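Novice: My questions will all concern the structure given below.
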């Protein structure tokens, strides 16, 4: 049985909450949780606590939400908690060296990629978008650099041809927590040694933006199909139809040839659209004010909107 450690947890979204849940069920003592300040969300723009904060509050754990950890007062507050270890998962704030030095065993991070590939903010979506054969979780000892620290443990999973950003996220959220618990046991026992990353192999996973979701039909169909999956459910992909927004929720490669953006065929199997190279068959769409629908259902009621020869994205 490994020793019970005093742990400070830092994280913000659902992916982080899955890790906190596992730590709460472990023998370790979570003495405090750090998470991003509450953000406005939804139509009313009400301030919403992060998934990590919600879980911490449910379990009666003190929550700290400093806007930055560079402030000496925030650093003193953390030091007063006397943590053995800090576990950081998708926290969203940079940890300066002064913070990394506070816990006796340092700070570890669970990162949703097989480092050194995909350092940065959006490793899950970028792996799907790039057509990577696999992804995974790397537990690393943190340094002051962005995802540059020595790797303590890795778990891998193949990326399937139908994986979306959402489905891969959920799988990695299941793989990460046991890996973190295993790494903590190894650190506490003094049996785990970090392996340095090869910086020459590093790639950077840029933060996602809504603008990136606009479909450029001059791009190859293979690239667009991967992007549609990678950006599902967020930020999503979209084009225009007769000047109105059109959300593209699912697609697969098709056959045909034509000018980019041109509808080549429409029917129960989908909406076939020419790309810069190859063809995409759009199978799930959403029109303004409407629900997400299989194209077959849309086609039944709005056949004239999807006439062959119509050009999307104009």
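Coordinate-derived values only; no laboratory data. Note that this is a predicted model, so its numbers are computed, not measured. Every residue, glycine as well, gets a Cβ built from its backbone with ideal geometry; the counts of neighbours run over all protein chains shown.
Novice: Which value at 222 nm does the chain reach when only helices count, each DSSP H run of 4 or more adding -39,500 (n - 2.57), with the total divided by all residues and rounded to the nearest 500 deg cm²/dmol?
Specialist: -7500 deg cm²/dmol
Novice: So how tilted is helix 165-189 from the main axis of the chain? Cα-based, degrees 0 to 90, rounded to 10.
Specialist: Tilt of helix 165-189: around 20 degrees.
Novice: Quick one: work out the % antiparallel among DSSP beta bridges in the chain, nearest 5.
Specialist: 65 percent
Novice: So how tilted is helix 14-24 from the main axis of the chain? Cα-based, degrees 0 to 90, rounded to 10.
Specialist: 30 degrees
Novice: Using only Cα atoms, locate the centre of the range 1-72 and the centre of the range 88-135, then give the distance between them in Å, rounded to an integer.
Specialist: 17 Å
Novice: Could you work out how far apart the two model spin labels at residue 305 and residue 21 are, taking each label as a point 7 Å from the Cα in the direction of the beta carbon, and quote it in nm?
Specialist: So the label points at residue 305 and residue 21 sit 3.7 nm apart.
Novice: Rounded to the nearest 5, what is the percent of antiparallel bridges among the DSSP beta bridges in the range 1-149?
Specialist: Here the antiparallel bridges make up roughly 30 percent for the range 1-149.
Novice: With each pseudo-label sitting 7 Å past Cα toward Cβ, what's the residue 39-residue 160 distance in nm, one decimal?
Specialist: It is 2.9 nm.
Novice: A further question follows. In nm, what is the difference between 0.36 nm times the number of residues separating residue 170 and residue 297 and their Cα-Cα distance?
Specialist: Values: separation 127, 0.36 × 127 = 45.72 nm, distance 2.88 nm.
Net length gain for the segment: 42.8 nm.
Novice: Specify the inter-centroid distance of the range 176-196 and the range 243-304, based on alpha-carbon positions, in whole Å.
Specialist: Cα centroid to Cα centroid, the span is 48 Å.
Novice: Could you pull out which residues in the range 206-240 have an amide N less than 14 Å from a spot 7 Å beyond the Cα of residue 277, following the Cα-Cβ vector?
Specialist: Under 14 Å, as judged by backbone N against the label point of residue 277, lie 218-226 of the range 206-240.
Novice: Taking springs between alpha-carbon atoms closer than 10 angstrom, which of 201, 114, 146 fluctuates most in the Gaussian network model of the chain?
Specialist: The residue with the greatest mean-square fluctuation here is 201.
Novice: Further question: Expressed as an acute angle from 0 to 90° and rounded to the nearest 10, what is the orientation of the C-alpha long axis of helix 221-230 relative to the principal long axis of the chain?
Specialist: 40 degrees
Novice: Shifting gears a bit: Kindly state, to the nearest 0.05, the FRET efficiency for residue 54 paired with residue 257, given R0 = 45 Å and r defined as their beta-carbon distance.
Specialist: The pair residue 54/residue 257 has a calculated efficiency of 0.30.
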